[in-house]
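These notes are about the structure you will find just below.
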Amino acid sequence: MQLPKLTGSVLSGLHCFLIAADQMSFTRAAEVLCLTQSAVSHKIKNLEDSLGVKLFIRQPRKVILTDEGKRLKAVVAQNFGDIAHEIRDLKTLELSGDFNVSAPPTFAQTWLMPRIKSFIDKYPALRFHLRTRNDLIDFQTETFDCAIYFGHGKYAGLHSEKLMDESMLPVCTHEYALRYNLYDRPDNLVMCMLLHDAAPWARAGRNDEWQYWAQRQGITLPEVGCTFDRSDLALQAAERGIGVAMGRMSFIAEQLANERLVIPFDMPVKSPLSYYVVCRQDMKSSPRVKAFQDWLADEIANVE
């Protein structure tokens, strides 16, 4: 049997032949393939012409495999099975192995870590590796699949997908609010110790977050303050009664629920920045990055 070139029509004919050989009927093969009986007959006739052999003996109400047809069925069945198995393996490999993610420290600790178990359980073949940092990733030299940024969403040469917006407002302990008469008196902030996240986003100044809020509320801020390089440290300082921290709504739900922190005046401001998943352009269709993005989107939807 002389093998033809494996063109698209030959491969299609081999698939059609295998179904017909399994069903031992062109009519039933047509039903399986959602084709007409004449289309199945035509495909097999073209395959026979390409091979130069008869594959079926056609009888009025049935077909019978020739010896050549039996030989070809055995080979095609094995190889199509191997191909299907290989495709399954390739798809599995796409969602296995090391998956490296970078995220801002407070986002990782406060928002991501309480939820990450469900992602790991959903994709057990992925080895999840999280690294935290406030600065941006150099995707050309560092081996990260993707990163979560708190920023403007525009990064040269990179692909970004928006996750969620953020709002912020001052928080402190109930005792601190009473001591400085802060309830519904935002002007009294001028007497307080402000707790700053000195790195709320990449390349930010140490008091940018507070200043952004104050300018939009027309509030004068005091000069006295403490700075930290992580938002969660500023929030912990607030919990210990040191002063007033700028709380992001994504980070303070637990403290508010447990009354470890309070909102002395309900004056939220939408942050100028949002959370994004960022990756190289050639990774935006990566199954593992897509799986992570979809999982994040589901988690955000559940919160909302």
Legend entry - the range 217-238, subset of a type outside the set (Val, Ile, Thr) and part of a loop (DSSP other than H, G, I, E, B), residue surrounded by the most Cβ atoms within 10 Å (Cβ to Cβ): 230
Inset, instruction - Determine which member of the set 208, 232 is farther than 16 Å from residue 176 by Cβ, without any contact (Cβ under 8 Å) to a residue 60 or more places away in the chain and among the charged types (D, E, K, R). - result: 208
Inset, instruction - Please give the strands (runs of 3 or more DSSP E) falling wholly within the range 107-216 in which 3 or more residues are closer than 28 Å to residue 302 by Cα. - result: 126-132, 146-151, 158-164, 167-171
Inset, instruction - State whether one or more residues within the range 239-253 are farther than 25 Å from residue 153 by Cα, crowded, with 17+ Cβ neighbours inside 10 Å, within 32 Å of the chain's Cα centre (by Cα) and not hydroxyl-bearing (Ser, Thr, Tyr). - result: yes
Inset, instruction - Would you be able to say whether some residue in the range 160-167 is over 20 Å from residue 240 (Cα atoms), open to solvent by less than 60 Å² (accessible area, probe 1.4 Å) and among the acidic types (Asp, Glu)? - result: yes
Inset, instruction - Collect the residues in the range 123-178 that are closer than 20 Å to residue 112 by Cα, without any contact (Cβ under 8 Å) to a residue 40 or more places away in the chain and basic (Lys, Arg), keeping them in residue-number order. - result: 127, 131, 133
Inset, instruction - Taking residue 143 as meeting all but one of (1) farther than 30 Å from residue 97 by Cβ; (2) within 25 Å of the chain's Cα centre (by Cα), write down the number of the exception. - result: (1)
Legend entry - Residue match in the range 190-213 (condition: modelled with pLDDT of 95 or more and among the β-branched types (Val, Ile, Thr)): no
Legend entry - Residue within the range 77-93 that is at pLDDT below 85, more than 39 Å from the chain's Cα centre (by Cα) and surrounded by 11 or more Cβ atoms within 10 Å (Cβ to Cβ) present: no
Legend entry - Per-region count, the range 272-294, residues in a helix (DSSP H, G or I), under 22 Å from residue 152 (Cα atoms) and not acidic (Asp, Glu): 6
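The values are calculated or read from the model by the stated rules, or taken from the named source; none is laboratory data. Small disclaimer: the values here were computed from a predicted structure and weren't measured. We place every Cβ from the backbone using ideal geometry, glycine too, and count neighbours over all the protein chains shown. Quick note on the areas: whole protein, heavy atoms, side chains included, nothing else; ligands and nucleic acids left out. Shrake-Rupley method; radii C 1.70, N 1.55, O 1.52, S 1.80 Å.
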